[in-house]
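One structure below.
The values are calculated or read from the model by the stated rules, or taken from the named source; none is laboratory data. What you see is a predicted model; the values in this text were computed from it and never measured. Please note: Cβ atoms are built from the backbone with ideal geometry, for glycine as well, and neighbour counts cover all protein chains shown. Heads up: the accessible areas ignore ligands, DNA and RNA and are worked out on the full protein's heavy atoms, side chains in. Shrake-Rupley method; radii C 1.70, N 1.55, O 1.52, S 1.80 Å.
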Amino acid sequence: QVQLVESGGGLVQAGGSLSLSCAASGSDFSRNTMGWYRQPPGKQRELVATITSGGTTVYGDSVKGRFTISRDYAKNTVYLRMNSLKPEDTAVYYCNFRREVTSVAYWGQGTQVTVSS
């Protein structure tokens, strides 16, 4: 059992920046991939970025070059730095934790990011 708590969502103007964080607690955290997914209103949930236990990163095409994912292994925390934000980045952003051995996954409650034009 893993609990995920996101923070850092809010309102920002187009072209601005915002940082999200997600802290995991509750269980063994060895060999896990953490990341971010988002769901714009009326649309399907989509990949933003993930980072594995080995540090390998994957980014969704729409955020490449603008967003950066990182993690602090000691703190069991994943971060997302979002630059050059666009109105189409507006969505609920969800933190994800997936055990690499079993593929069991956990989700945070989501945090709203709104980019105004």
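Scanning region 43-57 for residues that are surrounded by 13 or more Cβ atoms within 10 Å (Cβ to Cβ) and among the polar types (S, T, N, Q) yields Thr50, Thr52, Ser53, Thr57. Total residues in region 77-97 satisfying the condition of being open to solvent by 10 Å² or more (accessible area, probe 1.4 Å) and over 13 Å from the mean Cα position of the chain (by Cα): the figure is 6. Report yes if Val48 is free of Cβ contacts under 8 Å to residues at least 60 places away in the same chain, farther than 20 Å from Leu11 by Cα and of a type in the set (Val, Ile, Thr), otherwise no. In short, no.
Assessment of region 32-44 against the conditions (closer than 14 Å to Val115 by Cβ, assigned to a loop (DSSP other than H, G, I, E, B) and of a type outside the set (Gly, Ala, Ser)) yields at least one matching residue. Of everything in region 3-42 that's free of Cβ contacts under 8 Å to residues at least 40 places away in the same chain and more than 14 Å from Trp107 (Cβ to Cβ), which residue is surrounded by the most Cβ atoms within 10 Å (Cβ to Cβ)? This residue is Ser27. When Val113 is tested against the conditions (1) under 18 Å from Tyr59 (Cβ atoms); (2) open to solvent by less than 60 Å² (accessible area, probe 1.4 Å); (3) out of contact with any Gly (no Cβ under 8 Å at 6 or more places or on another chain), the lone failure is (3). Restricting attention to region 105-117, the residues that are at pLDDT 95 or above and either in a loop (DSSP other than H, G, I, E, B) or under 18 Å from Asn76 (Cα atoms) (or both) add up to 6. Note on region 60-76: among residues that are surrounded by 18 or more Cβ atoms within 10 Å (Cβ to Cβ) and within 25 Å of Val2 (Cα to Cα), the one that is nearest to the chain's Cα centre (by Cα) is Ile69.
The set of residues from region 10-31 being under 15 Å from the mean Cα position of the chain (by Cα), in a strand (DSSP E or B) and under 17 Å from Pro87 (Cβ atoms) comprises Gly10, Leu18.
Number of residues in region 77-96 that are in a strand (DSSP E or B) and over 18 Å from Val5 (Cβ atoms): the value is 3.
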